[in-house]
Amino acid sequence: MELAYYSDYAVRLVNTEEPARGKDTLTSVEAVRELFGANGSAARRATEADVTRFRSVRARLRAVFEAADQGDETLAVALLNSLLLEFPVSPQISGHDYRDEDGRPLWHMHLADHPSNATAGYAAIAAMGLAFHLTEYGVDRLGLCEAAPCRNAYLDTSTNRSRRYCSDRCATRANVAAYRARKRLEADRSANTGLAADSAQRTSAGPKR
């Protein structure tokens with residue numbers, strides 16, 4: 001399992017809430033279990049008590065993205081370090097599920113969590129994955145969507161650090177809004193220019209006798 005996969009844990013959890021829209025899909029133990037994806041054994045550990053615990057971790061992870069989005073990398077790192085200390089993992093070499101053409105294991109790094117509950121396990125993996133992404137690509141690769149009111153979290157893996165939106169849908173919506181705003185501005189300028197020309201014409205004509 002690639003380490004980049006683990007960073008998606010953080011994004012999935014943060015994006016269960018859209019504060020500006022008043023939306024929150026993290027409202028049941030089923031929603032918690034869905035966050036684990038294919039990791040069924042970990043998902044089965046979730047209980048109703050994890051709903052509240054997951055929301056708490058979500059707020060702390062969003063704070064990391066917000067600090068990064070505001071350019072405060074020192075704060076982003078400090079917030080992430082506090083999560084790493086509270087929810088530790090043990091790196092292990094693993095070869096399960098992956099085989100080469102000769103049937104031999106394809107060894108890879110695996111993050112083994114030792115949780116007391118489902119939240120601790122998920123938080124450990126999410127925090128470590130985000131830490132790998134941050135140290136590998138930089139704090140500025142942690143972003144929040146610029147298509148207001150979305151503000152969903154995303155990880156920028158573009159080659160030129162140009163990503164600004166969480167999805168193609170938001171990018172399209174923002175581009176359409178910007179296009180319409182430019183058109184309105186052009187129309188207003190044209191109207192003002194026309195009014196100014198009419199006023200100048202009346203002035204130059206002078207009063208009627």
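The values are calculated or read from the model by the stated rules, or taken from the named source; none is laboratory data. Being a predicted model, the structure only gives us computed values, none of them experimental. Note: ideal-geometry Cβ built from the backbone for every residue, glycine included; neighbour counts use all protein chains shown.
Within the range 125-142, the set of residues being out of contact with any Phe, Trp or Tyr (no Cβ under 9 Å at 6 or more places or on another chain) and outside any helix (DSSP H, G or I) comprises GLY138 only. Taking the criterion of being of a type in the set (A, V, I, L, M, F, W, C), touching a residue at least 40 places away in the same chain (Cβ under 8 Å) and in a helix (DSSP H, G or I), the residues of the range 41-60 that qualify are ALA42, ALA43, ALA49, PHE54, VAL57. Kindly indicate whether any position in the range 159-167 is closer than 17 Å to GLY71 by Cα, free of Cβ contacts under 8 Å to residues at least 12 places away in the same chain and either outside any loop (DSSP other than H, G, I, E, B) or basic (Lys, Arg) (or both). There is no residue in the range 159-167 that is closer than 17 Å to GLY71 by Cα, free of Cβ contacts under 8 Å to residues at least 12 places away in the same chain and either outside any loop (DSSP other than H, G, I, E, B) or basic (Lys, Arg) (or both). What about LEU111, is it in contact (Cβ under 8 Å) with a residue 40 or more places away in the chain and among the aliphatic types (A, V, I, L, M)? Yes, satisfied.
Checking TYR137, TYR154, TYR122 one by one, the residue that is free of Cβ contacts under 8 Å to residues at least 24 places away in the same chain and surrounded by 15 or more Cβ atoms within 10 Å (Cβ to Cβ) is TYR137 and no other.
Cβ-Cβ contacts under 9 Å between residues 6 or more apart (or on different chains), taken from a first residue in the range 63-88 that is in the same structural domain as ALA153 (by TED's automatic domain parsing) to a second residue that is assigned to a loop (DSSP other than H, G, I, E, B) and loosely packed, with under 14 Cβ neighbours inside 10 Å, are listed as GLU73/GLY138; ALA76/GLN70; PRO88/HIS114. Residue under question is GLU48, and the condition is that it be at pLDDT 95 or above, surrounded by fewer than 20 Cβ atoms within 10 Å (Cβ to Cβ) and either closer than 15 Å to ALA123 by Cβ or over 16 Å from the mean Cα position of the chain (by Cα) (or both); does it hold? For GLU48, the condition - at pLDDT 95 or above, surrounded by fewer than 20 Cβ atoms within 10 Å (Cβ to Cβ) and either closer than 15 Å to ALA123 by Cβ or over 16 Å from the mean Cα position of the chain (by Cα) (or both) - is met.
ASP69 falls short on exactly one of the conditions (1) in contact with a Gly (Cβ under 9 Å, 6 or more places away or on another chain); (2) closer than 20 Å to GLU86 by Cα, and that condition is (2). The single residue among GLY103, GLY129 that is surrounded by 12 or more Cβ atoms within 10 Å (Cβ to Cβ) and at pLDDT below 95 turns out to be GLY129. Any residue in the range 14-30 that is surrounded by 15 or more Cβ atoms within 10 Å (Cβ to Cβ) and more than 22 Å from PRO149 (Cα to Cα)? Yes, there is a match, as at least one residue in the range 14-30 is surrounded by 15 or more Cβ atoms within 10 Å (Cβ to Cβ) and more than 22 Å from PRO149 (Cα to Cα). Of the residues making up the range 80-99, those that are surrounded by 20 or more Cβ atoms within 10 Å (Cβ to Cβ) and modelled with pLDDT of 95 or more are LEU80, LEU83.
Scanning the range 1-31 for residues that are assigned to a loop (DSSP other than H, G, I, E, B) and either at pLDDT below 95 or outside the structural domain of ARG53 (by TED's automatic domain parsing) (or both) yields MET1, GLU2, GLY22. Taking each residue of the range 14-38 that is more than 16 Å from CYS166 (Cα to Cα) and looking for partners that are part of a loop (DSSP other than H, G, I, E, B) and of a type outside the set (A, V, I, L, M, F, W, C) with beta-carbon atoms closer than 6 Å, six or more apart or interchain, yields THR25/THR16; LEU26/THR16; VAL29/GLU48; ALA31/THR25. Is it the case that TYR122 is in a strand (DSSP E or B) and under 21 Å from ARG55 (Cβ atoms)? Criteria not met by TYR122. In summary, ALA38 fulfils each of the numbered conditions (1) outside any helix (DSSP H, G or I); (2) modelled with pLDDT under 95; (3) surrounded by 15 or more Cβ atoms within 10 Å (Cβ to Cβ) with the single exception of condition (3).
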